[in-house]
There are 2 protein chains.
Amino acid sequence: MRKIAIGQAGGPTAVINTSLAGFLDTVQADVYGVLDGFQGLVEGNIVKITEDIKRKVDQHRDVPGACLGAGRYQMSDDQKVKALRQLQERDIHTLVFIGGDGTMSALCQLSQTAHYIGYELQVVGIPKTVDNDLAETDHSPGFASAARYVALAVRDISKDLEAMRNFEQVRIIETMGRNVGWLAAASGLLKNHETDGPHAIYFPEQVLTAENFLKNTNDLVQKFGFVSIVVSEGVTIQERPSVEKAIVNGRKVLGGVSTQLAQLVHDELGLMARDELLGMNQRASQLASSSQDRREAYDVGKKAALLVEEGISKVMVAINRTSQTDYQYRLSAVSLEKVVGGAERHLPNHYIKDLDQYYQWLRPLVGFDL
Amino acid sequence: MRKIAIGQAGGPTAVINTSLAGFLDTVQADVYGVLDGFQGLVEGNIVKITEDIKRKVDQHRDVPGACLGAGRYQMSDDQKVKALRQLQERDIHTLVFIGGDGTMSALCQLSQTAHYIGYELQVVGIPKTVDNDLAETDHSPGFASAARYVALAVRDISKDLEAMRNFEQVRIIETMGRNVGWLAAASGLLKNHETDGPHAIYFPEQVLTAENFLKNTNDLVQKFGFVSIVVSEGVTIQERPSVEKAIVNGRKVLGGVSTQLAQLVHDELGLMARDELLGMNQRASQLASSSQDRREAYDVGKKAALLVEEGISKVMVAINRTSQTDYQYRLSAVSLEKVVGGAERHLPNHYIKDLDQYYQWLRPLVGFDL
């Protein structure tokens, strides 16, 4: 029987295990699980998926975190060869990974290295990202649940601030999203009135100067008596040093621009400002996860199993929206090289200028019936 | 018709509006709303509760934030007299406030000042706190929803960390709770196995030394490969300066001990450690709110209306648990002076030593059926 290995990599999402379940429920093969992402692949941390493990995955299909272990790991050229040797030793000729852009890039490179050393290897990617920065797909599983969390959290924190406006006037809420503004923009999805938060959203796609920020904040405080501001972690303030929390395995850990902005408000406007990172719950909250997102996460896992059987390689499963009016989609296979080679998928300018248009696009994914 | 004023004060909770709705649905009187807490009372920001406002409150009964506006405000003696004059001008002889210990203390003082200047004033308090530090009641509305949020968030963040253990090993999650550990302790409510987070909880009721913290953290990392740690905002590290974010209106804004602890892990153990404040969603998350908490919040509002009609003064509504096995409670009136004069309500030592016992007490309030 054909032998297949599957792994999970990168930051988990609320639905990354749902995709794993969709794959395992569908695939007809001898399946192996790669533990702890690409590090596990290099180190041969590969186990047979038994009925017990399948049961565990099924119990965890709506549970955050990654059942197999994920993590971030940058492979050197030597390590790529080592990873392939691990597969070779086990006679595994198909590798499937659930992940984001780093994962798709790693799959692509492993495929190239395999070709170079003459090892037959099929690679298939299952998309997963809360940032929504993967190219060649309408959106990726994980994003909608994170967007739902952000929309709910910012609405509630803004309501709380409104009630506290004689004690504190400014809250600056920082979202995930890396270098793209999709998630930050989702924060306004539940806004019904001008007075509801967020009153301002700052995107990595736009230039932010301290001067404009302070003027806008001051105007909003004058107008509403309080102001709830959302900023994406990827925003940098022009002519100010950008914030880097740490660099781990070559990847910048972002976070901290909200603290910089709160300090500015305190120093320059003399107002109490609280900064708040929305934190890990954006990608991990089970309660906030979107049922549509769960459905799609399962379906892309299933689709990957079918692609494996068809023998197609160097592809990622993509979601194609076929109708906006009564949200419909179909799944397809897109070239991994195109996904990896594409430019970073920024929030388009027409959405930034007209958020309502963006929310029409977003609402069916997130599942609010408003 | 008798004239009554009601206000909300302190940090809002997910159910503070539910208590307001319970009161307004029940009370038979000409009701006035005090806007923005005690500041509004002093400044005469008092409006008649019209049918429109009642409808708005009803629509907001499950919505976070405080419909009337709350905020923190410390009245001087002169301001107390001013507050009473505002009531006198409107011929209002009953004042009801929904709030925590600061609110109960303010009501007590207003009652004393009224007595001193010969103004007839009935005062009734409706309990509300996420910290659960109010004395003379089994627990207070708002706490169970916050506890539910903390339990869910810490479970999910810990699952996420477990999946990321080859990238980062330590997360330090900071909860609200001021000087008492009830909320921090709730973080372990959904823990099923030894490997599930949180692996350690630090309470304000106990002494924490850097040495013990580091040893314990190191042991846990050795044992599990990762460690999810919860710390209450009120914890101080012995012989280290305590963290004070700010002092506003005489009240310390806590928060920051998780950052201190993460720095210690980084400096002394050489591990990547992320600190995370659970933030305002602890008291504002609508999604995480407990249905039992909502029921009780409504009932204490209703009970306050009945106490007003009975003419009883200087009391707070209290929840008395009458049965633990099949959770039952009844409401009563307790002396405001006793509430205010009581010692801070710490998490008892027998709960700290045996958290399962605490979780038996907590579970019916939070509503997990596990």
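The values are calculated or read from the model by the stated rules, or taken from the named source; none is laboratory data. Owing to the predicted nature of the structure, the values given are computational and were not obtained by experimental measurement. Counting neighbours? That spans all protein chains shown, and the Cβs are built from the backbone with ideal geometry, glycine included. Calculation scope for accessible area: heavy atoms of the full protein, side chains included, ligands and nucleic acids excluded. Shrake-Rupley method; radii C 1.70, N 1.55, O 1.52, S 1.80 Å.
Condition check: crowded, with 16+ Cβ neighbours inside 10 Å, assigned to a strand (DSSP E or B) and either at pLDDT below 95 or in contact with a strand residue (DSSP E or B) (Cβ under 9 Å, 6 or more places away or on another chain) (or both). Does B:ILE4 satisfy that?
It is true that B:ILE4 is crowded, with 16+ Cβ neighbours inside 10 Å, assigned to a strand (DSSP E or B) and either at pLDDT below 95 or in contact with a strand residue (DSSP E or B) (Cβ under 9 Å, 6 or more places away or on another chain) (or both).
Checking the condition under 30 Å from B:SER289 (Cα atoms) and at pLDDT 95 or above, which residue from A:THR103, A:THR175 passes?
The match here is A:THR175.
Identify all residues within the stretch B:176-193 that are open to solvent by 10 Å² or more (accessible area, probe 1.4 Å) and under 10 Å from the mean Cα position of the chain (by Cα); write none if there are none.
Within the stretch B:176-193, B:MET176, B:ARG178 qualify.
For residues in the stretch A:66-77 being without any contact (Cβ under 8 Å) to a residue 60 or more places away in the chain and part of a loop (DSSP other than H, G, I, E, B), which is farthest from A:LYS3 (Cα to Cα)?
The selected residue is A:SER76.
For the stretch B:80-123, how many residues are closer than 27 Å to B:GLY65 by Cβ and not basic (Lys, Arg)?
Matching residues across the stretch B:80-123 total 22.
In the stretch B:19-50, which residues are in contact with a strand residue (DSSP E or B) (Cβ under 8 Å, 6 or more places away or on another chain), crowded, with 18+ Cβ neighbours inside 10 Å and more than 14 Å from every other protein chain (Cβ to nearest Cβ)?
Result: B:PHE23, B:LEU24, B:VAL27, B:VAL31, B:TYR32, B:ILE46, B:ILE49.
Can B:VAL47 be described as of a type in the set (A, V, I, L, M, F, W, C), without any contact (Cβ under 8 Å) to a residue 60 or more places away in the chain and not in a helix (DSSP H, G or I)?
Taking the combined requirement at face value, the residue satisfies it.
Just the residues that are out of contact with any helix residue (DSSP H, G or I) (no Cβ under 8 Å at 6 or more places or on another chain), open to solvent by less than 10 Å² (accessible area, probe 1.4 Å) and more than 14 Å from every other protein chain (Cβ to nearest Cβ), please, taken from the stretch A:138-169.
Passing the criteria: only A:SER140.
Could you list, in sequence order, all residues of the stretch B:283-302 that are buried (at least 24 other Cβ atoms within 10 Å of the Cβ) and either touching a strand residue (DSSP E or B) at 6+ places or on another chain (Cβ under 7 Å) or in a loop (DSSP other than H, G, I, E, B) (or both)?
Scanning the stretch B:283-302 gives B:SER285, B:ALA288, B:SER289, B:SER290, B:GLU296, B:VAL300, B:GLY301.
Tally the residues that are part of a helix (DSSP H, G or I) and touching a strand residue (DSSP E or B) at 6+ places or on another chain (Cβ under 9 Å), restricting the search to the stretch A:139-158.
Summing the residues that are part of a helix (DSSP H, G or I) and touching a strand residue (DSSP E or B) at 6+ places or on another chain (Cβ under 9 Å) in the stretch A:139-158 gives 6.
If the requirement is being without any contact (Cβ under 8 Å) to a residue 40 or more places away in the chain, farther than 17 Å from A:GLN122 by Cα, open to solvent by less than 60 Å² (accessible area, probe 1.4 Å) and not basic (Lys, Arg), which of these qualifies: A:ILE53, A:ILE16?
A:ILE53
How about the stretch B:312-353: which of its residues are open to solvent by 50 Å² or more (accessible area, probe 1.4 Å), small (Gly, Ala, Ser) and in contact (Cβ under 8 Å) with a residue 60 or more places away in the chain?
Within the stretch B:312-353, just B:ALA343 meets the criteria.
Residue pairs, Cβ under 9 Å, 6 or more apart or interchain, first in the stretch B:78-102 and free of Cβ contacts under 8 Å to residues at least 24 places away in the same chain, second surrounded by fewer than 18 Cβ atoms within 10 Å (Cβ to Cβ). List them.
Within 9 Å, the pairs are B:ARG85/B:GLY44; B:ARG85/B:TYR119.
If the requirement is being under 17 Å from B:VAL227 (Cβ atoms) and within 11 Å of another protein chain (Cβ to nearest Cβ), which of these qualifies: B:GLY188, B:GLY197?
Exactly one residue qualifies, and that residue is B:GLY197.
When both residues are 6+ apart or on different chains and their Cβ atoms are under 7 Å apart, which pairs have a first residue that lies in the stretch B:274-300 and is more than 14 Å from chain A (Cβ to nearest Cβ), and a second that is modelled with pLDDT under 95 and surrounded by fewer than 24 Cβ atoms within 10 Å (Cβ to Cβ)?
B:GLN292/B:GLY367; B:ARG294/B:ASP62
Given the conditions (1) open to solvent by 20 Å² or more (accessible area, probe 1.4 Å); (2) of a type outside the set (Ser, Thr, Tyr); (3) more than 30 Å from A:THR13 (Cβ to Cβ); (4) within 13 Å of chain A (Cβ to nearest Cβ), report the number of the one that B:ILE98 does not fulfil.
So B:ILE98 meets the others, but not (1).
Residues that are part of a helix (DSSP H, G or I), over 30 Å from B:GLU344 (Cα atoms) and not aromatic (Phe, Trp, Tyr): does the stretch B:177-189 have at least one?
no
Does the stretch A:109-131 contain at least one residue that is within 18 Å of the chain's Cα centre (by Cα) and among the charged types (D, E, K, R)?
Yes: one or more hits.
Scan the stretch B:56-65 and give yes if some residue there is within 14 Å of another protein chain (Cβ to nearest Cβ), acidic (Asp, Glu), in contact (Cβ under 8 Å) with a residue 12 or more places away in the chain and open to solvent by 10 Å² or more (accessible area, probe 1.4 Å), otherwise no.
Taking every residue of the stretch B:56-65 in turn, at least one turns out to be within 14 Å of another protein chain (Cβ to nearest Cβ), acidic (Asp, Glu), in contact (Cβ under 8 Å) with a residue 12 or more places away in the chain and open to solvent by 10 Å² or more (accessible area, probe 1.4 Å).
Suppose we filter the stretch B:157-172 for residues that are within 19 Å of A:LEU287 (Cα to Cα) and either in contact with a Lys or Arg (Cβ under 9 Å, 6 or more places away or on another chain) or aromatic (Phe, Trp, Tyr) (or both); how many remain?
4
Would you pick out the residues in the stretch B:194-215 that are surrounded by fewer than 18 Cβ atoms within 10 Å (Cβ to Cβ) and in contact with a strand residue (DSSP E or B) (Cβ under 6 Å, 6 or more places away or on another chain)?
Listed by number, the residues that qualify are B:ALA200, B:ALA210.
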